[in-house]
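Here is the structure we will look at.
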Amino acid sequence: MKQPREKKLSSYDFSRSRRGEVDEPLTQAAALASLAVAIILANVTIIAAFVNSRGPGEVINCYLLSLAVADLLIGLCVVPLSVYPALIQKWVYGDLVCRLVGYLEVTLWAVTVYTFMWISVDRYLAVRKPLRYDTVQTKIRCQCWMALTWVSAAMMCCPPLLGFNQPTFDNDALVCLLDWKNMAAYSITLAVIILGPSVITIVYTYTYIFSMMKKLRSGEPMHDKETATALSEACANPSHIMSFVLVVMFCVSWAPFIMVRAYEGTTGNRASLVPHLHFVVFWLGVLNSVWKALVLVSLSPQFRLMLRILGFTLCCRHRARMQMELIGMDDD
């Protein structure tokens with residue numbers, strides 16, 4: 001009587017373990033597919049809201065539009081290509097596509113970092129020169145800076161694309177990553193060029209912005225009344241807090257991945273503290289492409305107004321025109 005029962009239990013345990021092995025790839029694939037859909041929907045909405053509200057607006061909107069385009073490319077070209085490999089647990093699209101995915105990841109990441117730097121400079125000028133801000137920061141100048149940012153990032157990150165190193169498919173993270181170990185000098189130089197000026201600029205500009213806000217709240221007297229009034233209006237702009245939260249969210253999202261990669265690069269050992277560590281830290285960073293939309297909705301009254309106009313446009317063109325006239329925007 002005992003022997004058949006033991007045989008039945010062992011068969012049940014085997015089927016349960018096999019079912020767990022099958023469920024895990026399905027769960028990962030479903031999570032990646034959901035992430036891709038969320039990124040695409042969030043950033044298509046952001047882009048549509050900015051494009052639909054054709055009016056004067058703020059210069060910072062050009063930078064936010066650039067961020068949304070970079071995030072949309074991640075949702076279209078990076079995340080979907082990891083869904084099927086998550087199911088079969090291997091890369092099936094060939095070395096060329098793997099190399100392109102790795103190149104896009106680095107390029108779009110560099111574009112995002114540089115864009116945050118330009119946003120911090122824009123917010124700094126709004127506080128540092130409130131009376132001359134409109135003449136110093138124009139949309140044409142902003143668009144030129146963003147075009148230069150995209151071109152320079154694409155060119156700086158292209159050597160791995162030309163075949164100087166081999167891309168690798170991370171079986172844990174389920175994504176193609178460029179192997180930077182064979183190009184240590186280039187990797188360090190690229191990191192210094194991207195992170196060096198960006199981090200220094202962001203820290204300095206936001207330190208100055210928040211120090212000026214503190215002075216205004218403390219009631220510290222200023223010599224020029226006109227400048228004090230303009231400065232008070234500039235500091236009251238919610239874009240300062242919104243942009244700073246965007247930078248903080250980006251750093252928090254990507255910090256675990258950067259620390260894991262730094263640990264592995266310095267020690268030569270693969271970090272395996274918890275199961276699927278690489279999967280969690282990499283896709284947590286990519287999830288930042290969704291958080292940006294939530295931050296904009298929460299902290300930007302102007303963006304919420306743009307969403308309302310977009311909704312009116314989709315539902316009723318006449319009501320959208322009336323709404324734009326009320327806020328002084330041109331619908332033509």
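The values are calculated or read from the model by the stated rules, or taken from the named source; none is laboratory data. Quick caveat: nothing in here was measured; it's all calculated off a predicted structure. Note that we place each Cβ from the backbone using ideal geometry, even for glycine, and neighbour counts take in every protein chain shown.
Quick notes
- Residue check, Val252 under 15 Å from the mean Cα position of the chain (by Cα), part of a helix (DSSP H, G or I), closer than 28 Å to Leu195 by Cβ and in the same structural domain as Leu76 (by TED's automatic domain parsing): yes
For every residue, the table says whether it meets (1) assigned by TED's automatic domain parsing to the domain that holds Ala126; (2) without any contact (Cβ under 8 Å) to a residue 24 or more places away in the chain; (3) aromatic (Phe, Trp, Tyr).
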residue: Leu177; (1), (2), (3): yes, no, no
residue: Tyr186; (1), (2), (3): yes, no, yes
residue: Thr189; (1), (2), (3): yes, yes, no
residue: Ile193; (1), (2), (3): yes, no, no
residue: Ile202; (1), (2), (3): yes, no, no
residue: Thr205; (1), (2), (3): yes, no, no
residue: Leu216; (1), (2), (3): yes, yes, no
residue: Gly219; (1), (2), (3): yes, yes, no
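- Conditions (1) aromatic (Phe, Trp, Tyr); (2) touching a residue at least 60 places away in the same chain (Cβ under 8 Å); (3) over 27 Å from Leu131 (Cα atoms): number failed by Phe257: (2)
- Wholly within region 93-156, helices (runs of 4 or more DSSP H) carrying at least 2 residues that are aromatic (Phe, Trp, Tyr): 94-128, 139-156
- Test: residue in region 292-299 that is free of Cβ contacts under 8 Å to residues at least 60 places away in the same chain, within 28 Å of Leu41 (Cβ to Cβ) and crowded, with 17+ Cβ neighbours inside 10 Å: yes
- Residue pairs meeting the criteria (Cβ under 6 Å; at least 6 apart or on separate chains; first assigned by TED's automatic domain parsing to the domain that holds Ile202, in region 232-249; second polar (S, T, N, Q)): Met242/Ser300
- Members of region 204-231 that are exposed (fewer than 13 other Cβ atoms within 10 Å of the Cβ), assigned to a helix (DSSP H, G or I) and not acidic (Asp, Glu): Thr207, Ser211, Lys214, Arg217, Ser218, Lys225
- Across region 73-127, the number of residues qualifying as over 20 Å from Tyr186 (Cα atoms), out of contact with any Ser or Thr (no Cβ under 8 Å at 6 or more places or on another chain) and basic (Lys, Arg) comes to 1.
- Residue in region 105-124 that is of a type in the set (D, E, K, R) and within 22 Å of Asn171 (Cα to Cα) present: yes
- Some residue of region 47-63 being without any contact (Cβ under 8 Å) to a residue 60 or more places away in the chain and in a loop (DSSP other than H, G, I, E, B): no
- Selection count where residues are acidic (Asp, Glu) and within 13 Å of Val286 (Cβ to Cβ), scope region 38-89: 1
- Among the residues listed as Thr112, Thr138, the single one being under 15 Å from the mean Cα position of the chain (by Cα), in the same structural domain as Leu287 (by TED's automatic domain parsing) and hydroxyl-bearing (Ser, Thr, Tyr): Thr112
- Where a residue in region 269-286 is closer than 13 Å to Ala31 by Cα and its partner, wherever it lies, is of a type in the set (Asp, Glu) and assigned to a loop (DSSP other than H, G, I, E, B), with Cβ under 6 Å and at least six apart: Phe279/Asp172
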